[in-house]
Structure formats: structure tokens, C-alpha cells
Amino acid sequence: MSWWCAAQDTAWGWTWQPYVGVWVLVAALVLCRLLAESLWAPGASLDHTDKRGRRLPLYLTGVAVLWIAADWPIGPLGAGYLLSVHTIQYIVFAFVAPPLLIAGTPRWLLRHMIRRHWASNIARTVSRPLVAFLIFNVVLLATHLPSVVDGLTASQLGSFAVDMSWLTAGLVLWWPILGPLPELNPMPYPGRIVYLIANVFIPTVPAAFLTYATYPIYALYELAPPIGSLTAVEDQQIAGMIMKIVGGFIVLGTASVLFFKWARAEERREEGRPAV
Amino acid sequence: MNLTANLNATAILAVVVAAACVADQPPRPEDLRGTSYAQPMQKPDFTLRTTDGDSFDFRTETDGVVTLLFFGYTSCPDICPIHMGNIAAVLRTLPPDVSRRVKVVMVTTDPERDTPERFGAWLKNFDPSFVGLIGPLAEVNEIQIQLNLPPANRYGDDDRSYTVGHSARVIAFTADNRAHVSYPFGTRQNDWAHDLPLLVKPNWEAN
């Protein structure tokens, strides 16, 4: 029984393997949320967007996609066999789960989480778009360096560290868009759109390397027991395209939604109605 | 004016001669990324059957040609397909004047399961030019011992799902019919792309 998915020397087999660490993480995320809901949910001060349990399905969807990306078969396939699956994990950990987790957390709970001075400082700091931009992109580039991928993904602890750094960087990336409470001075819509578009460019660097390299970049995936007839370079090219196209689609798609929300808010403002 | 012209001509000639000398220098095993042999190894003399059923005299058929010799089997889950896949992938990327001068020969260490049809089809998946050789395991092991490789061993009792322990090294014979380097498992495509153009150089006999 393993704690977390890591590269293995054995040939891939479709035999189910338990990964206890993944279950512990998923259980902790769900239990903490339910416990917070039952212990700290304020009775009277909830507005219509924060009614008890209203955002819970979003949060649970975020946890579910994390579970799917980290557990068998995607977890071990991505950790030790196919770079394309490793990139799908990256997309889920950084671009899919974090916005669902943030959007699925009610404001009263966010306020409760940052009630302490140090937590409030962290929230305030990562609400600054430049800080969030730097943190996310440094993590993105660092976790795609060949020495980091080959060195860390071979061990359970290293693989766990990479996955959690993606999740943390993803939360930081999406926080200025979805997280800031009014008291944290959230960016206006145009700022959020520009911030999101800026975050499309840096990932194109590793994506371009993956797509256009003549030879495999990572020893781990080049020397992994092969699966099917996919060559290491083809797998790498698919990974590059996933990183560029799927990641870009999510970010630009969100920017488009924000644009329409902005337009709607402007319309409402002109009509004299409160913006939602 | 004449003196200047003469000096220029002399300088150009010197550069050309120096460049020609560097270009003609024999490659050194230590310039390669493979593992060097302390003493170059002679090409072994053996004859086995190809997957097409023809007789293949290794020394004659590969005389003067860069030859990568590997011992493995088609049911191998990792080392064999990775080695063959990496070599085939790199050969496709190299200029034809390099790739056409490299012959890849694989000898099966599992003659019971590796029928000519199965072995031939497996190799063609990587590159149709790869040569597959089949012979009795005792004979194949003799060849491996000659090459300082450990003999292949069968592990497991099940007649269908046993594994075969075998050497993971690819031995590279150059045009002088000697092996100066071998390549262990873990050799990457970048390493092959670096070494194959050096291995096909004609003047290895100077080493």
C-alpha cells in the first residue's frame, strides 16, 4: 500500500492500487468543510449568496476532481508513465480544483479563515495581482524543470510536494479573481481580465518546449515502461498541447465570463440598479 | 600590397589546414556518452537465423558498418522496448548519411516465445531495418559470454508469463569492427543523438 502516487520501475498494469494519502487529503477537505459549516456558520448574517450549504456542491465538486486527479489510475499514470497524464493532473490541480474550492467557500467561512492577523496578512498579500502572478508562474516554471520532475516525482514525498505546490499555486492564482472579500480591496473587472490574460503567456514557455523539442525532456517519462504504442516524444507533444490549449481555454474562458459580467454590471449601473 | 596578399593567403591556408586536421582527428571513446571499454572488443563470430529465416553471419553481414548489438526479448516490459524505441526515434531524426550507416541487430534471449513472426513484427514496429536474430539459448548465451555479458536466465515457472533476466547493454561496433563503447539502460535519446554521428566516423581504427 502506498501513501502517494510516485514513479515505479514496474510495467503498468490495470490492477487497482490504494493510495492512502489521497483518501486522507480528500476526507480532511470534506470533514473540515462540514465541521466548519456546522460549528461556525452564522445564523442571521448570511446574505442570499451565502445561505448554509448553497456553495457546498461547488466545493465538493472541487474536492472530487482533486480526488480523481490524484488517485488511481490517473495519479500513478501521471507520476511515472505518461507526461500527458501528468499535465492533465497539473491542469486539474492548478486550473480546475482551486476555482471550485474558492468559489465553493462562503464568505463567512473565508472571513473566519482569515480572522487571525497573520492569515489576514497572507490573504491581503496574495490578493495583490502582481504577487499572485509571480508566485503562480515561479511555481509553474520550477515544477516543470527537468531536474525537479525527474528528481521529485520518483519519490512519494516529492510527488506529493509537486501536487500540493500546484494546488497552492492554483489557489493563489485564482484568489484575486474569486476570493477577495470586499474588505480586501478586490480588483475591478478590467483588472481581473488583464490579470488572467497575463497568466496565459508564461505557461506557453514550458508548453512550447514540450511541443517542439526533438527529444524527450524528462528522463522519467522517456525511460518509463511504455504504455501502448505512444512514443515518449508523442506523449510529450500531447502534454505540451494540453498545457497550452486546455490551460489557455480555461483561463481565457474565465476572462470572457468576467468580461460579460463586467458589461452586465455596467448596464445595471447605468440603469441605476445595484451591480451583482 | 603583394606582401599583404601573400600573408592573407598564408593565413587562410593555415586555417584550412588546421580545420582539416581537426576534422580528421579520430573520435575518442571518452568523447562519447556511452561506457568506454578499457580495450576495444573484437566483433564476435557467430551465425544465427533472421526473422525471415535467412542465415546471418554477424561478422560478414556487419563488416565495416556501425552496428548496435543488443540481447533481449519481445515480452520484456521495459528495457528492450525502451532501448529499441529510443534508438529508432533518434535514427529518424538524424541526417540520412548518419542513420543509413547504422545497423541495429537484436538477438532474442527468449527463443521459445519469440517466434520469427512475433519477433519480426515486434521489431518492425520500431524500425523495419532492424535485424532480429534467433538461435538456441545456449548458443546465444555463449555469444554473450564472449562479449563479457551475463548469460540470460529464465525466471518463473509459468510457461506463458515468465520473465527473462538479460543484459541491458547495447554494444556499439564501429567501422573498424571493434566495440569501443557500450550503452547501459538509462541511455537517453539525447545521448544517442550525440554519439551516433561520432560512431559513424570512419577513422576509429586509430584508437
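The values are calculated or read from the model by the stated rules, or taken from the named source; none is laboratory data. All values derive from a computational prediction rather than experimental measurement. With ideal geometry, Cβ positions are generated from the backbone for all residues, glycine too; neighbour counts draw on all protein chains shown.
Taken over the stretch A:221-247, residues that are surrounded by fewer than 18 Cβ atoms within 10 Å (Cβ to Cβ) and away from chain B (no Cβ under 14 Å) amount to 3.
Given the structure, is A:Glu267 away from chain B (no Cβ under 14 Å) and charged (D, E, K, R)? In short, yes.
What number of residues in the stretch A:112-121 are within 22 Å of the chain's Cα centre (by Cα) and under 12 Å from A:Ala36 (Cα atoms)? Number of matching residues: 1.
In the set (1) modelled with pLDDT under 85; (2) within 14 Å of another protein chain (Cβ to nearest Cβ); (3) surrounded by 12 or more Cβ atoms within 10 Å (Cβ to Cβ), A:Ala11 fails one condition alone, (1). Of the residues screened, A:Leu31 is not one that is surrounded by fewer than 17 Cβ atoms within 10 Å (Cβ to Cβ) and at pLDDT below 95. When B:Val16 is tested against (1) in a helix (DSSP H, G or I); (2) at pLDDT 95 or above, exactly one condition is not met: (2). When A:Leu178 is evaluated against the numbered criteria (1) at pLDDT 95 or above; (2) buried (at least 18 other Cβ atoms within 10 Å of the Cβ); (3) away from every other protein chain (no Cβ under 14 Å), which criterion, by number, is the only one it fails? For A:Leu178, the failing item is (1).
Contact map, the stretch B:184-207: residues that are within 14 Å of chain A (Cβ to nearest Cβ) and within 18 Å of A:Thr214 (Cα to Cα) paired with residues that are of a type in the set (Phe, Trp, Tyr) and surrounded by fewer than 20 Cβ atoms within 10 Å (Cβ to Cβ), Cβ distance under 7 Å, separation 6+ or inter-chain. Pairs shown: B:Gln189/A:Tyr215; B:Asn190/A:Tyr215; B:Ala193/A:Tyr215.
Let's see how each residue does on (1) among the small types (Gly, Ala, Ser); (2) touching a strand residue (DSSP E or B) at 6+ places or on another chain (Cβ under 6 Å):
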{"site": "B:Ser99", "(1), (2)": "yes, no"}
{"site": "B:Met106", "(1), (2)": "no, yes"}
{"site": "B:Pro111", "(1), (2)": "no, yes"}
{"site": "B:Asp127", "(1), (2)": "no, no"}
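For the stretch B:124-160, give me each residue that is within 14 Å of chain A (Cβ to nearest Cβ) and touching a residue at least 24 places away in the same chain (Cβ under 8 Å). If the condition is that a residue be within 14 Å of chain A (Cβ to nearest Cβ) and touching a residue at least 24 places away in the same chain (Cβ under 8 Å), then B:Phe126, B:Asp127 are the ones that fit. Taken across the stretch A:199-220, residues that are more than 28 Å from A:Ala64 (Cβ to Cβ), outside any helix (DSSP H, G or I), more than 14 Å from chain B (Cβ to nearest Cβ) and modelled with pLDDT under 95 do occur, with at least one present. One residue stands out among those in the stretch A:115-146 that are in contact with a helix residue (DSSP H, G or I) (Cβ under 8 Å, 6 or more places away or on another chain) and of a type in the set (S, T, N, Q): the one that is surrounded by the fewest Cβ atoms within 10 Å (Cβ to Cβ), which is A:Thr125. Of the residues in the stretch B:157-175, not one is in contact with a helix residue (DSSP H, G or I) (Cβ under 9 Å, 6 or more places away or on another chain), closer than 26 Å to B:Thr50 by Cα and loosely packed, with under 15 Cβ neighbours inside 10 Å.
For the stretch B:123-139, residues that are part of a helix (DSSP H, G or I), farther than 11 Å from B:Met106 by Cα and not basic (Lys, Arg) total 5.
Please name all residue pairs, on different chains or six or more residues apart, with Cβ atoms under 6 Å, provided the first residue is in the stretch B:79-94 and is under 17 Å from B:Lys124 (Cβ atoms) and within 9 Å of chain A (Cβ to nearest Cβ) and the second residue is of a type in the set (Asp, Glu) and surrounded by fewer than 23 Cβ atoms within 10 Å (Cβ to Cβ). Qualifying pairs under 6 Å: B:Ala88/B:Asp127. Is it fair to say A:Leu252 is more than 14 Å from every other protein chain (Cβ to nearest Cβ) and assigned to a helix (DSSP H, G or I)? Considered against the rule, which asks whether it is more than 14 Å from every other protein chain (Cβ to nearest Cβ) and assigned to a helix (DSSP H, G or I), A:Leu252 comes out as yes. Considering only the stretch B:100-108, I want to know if a residue exists there that is surrounded by fewer than 22 Cβ atoms within 10 Å (Cβ to Cβ) and more than 23 Å from B:Ala168 (Cβ to Cβ). Yes.
Can you pull out the residues in the stretch A:228-249 that are assigned to a helix (DSSP H, G or I) and without any contact (Cβ under 8 Å) to a residue 12 or more places away in the chain? A:Glu234, A:Ile245, A:Phe249 - these are the residues of the stretch A:228-249 that are assigned to a helix (DSSP H, G or I) and without any contact (Cβ under 8 Å) to a residue 12 or more places away in the chain.
Is the stretch B:55-66 home to any residue that is within 14 Å of another protein chain (Cβ to nearest Cβ) and at pLDDT 95 or above?
Within the stretch B:55-66, not a single residue is within 14 Å of another protein chain (Cβ to nearest Cβ) and at pLDDT 95 or above.
Can you find a residue in the stretch A:34-55 that is modelled with pLDDT of 90 or more and surrounded by 19 or more Cβ atoms within 10 Å (Cβ to Cβ)? No: zero hits. Note on the stretch B:140-175: residues that are of a type in the set (A, V, I, L, M), closer than 14 Å to B:Phe70 by Cβ and outside any loop (DSSP other than H, G, I, E, B) total 6. When the stretch A:188-198 is limited to residues that are touching a residue at least 60 places away in the same chain (Cβ under 8 Å) and hydrophobic (A, V, I, L, M, F, W, C), the one that is nearest to the other protein chains (Cβ to nearest Cβ) turns out to be A:Ala198.
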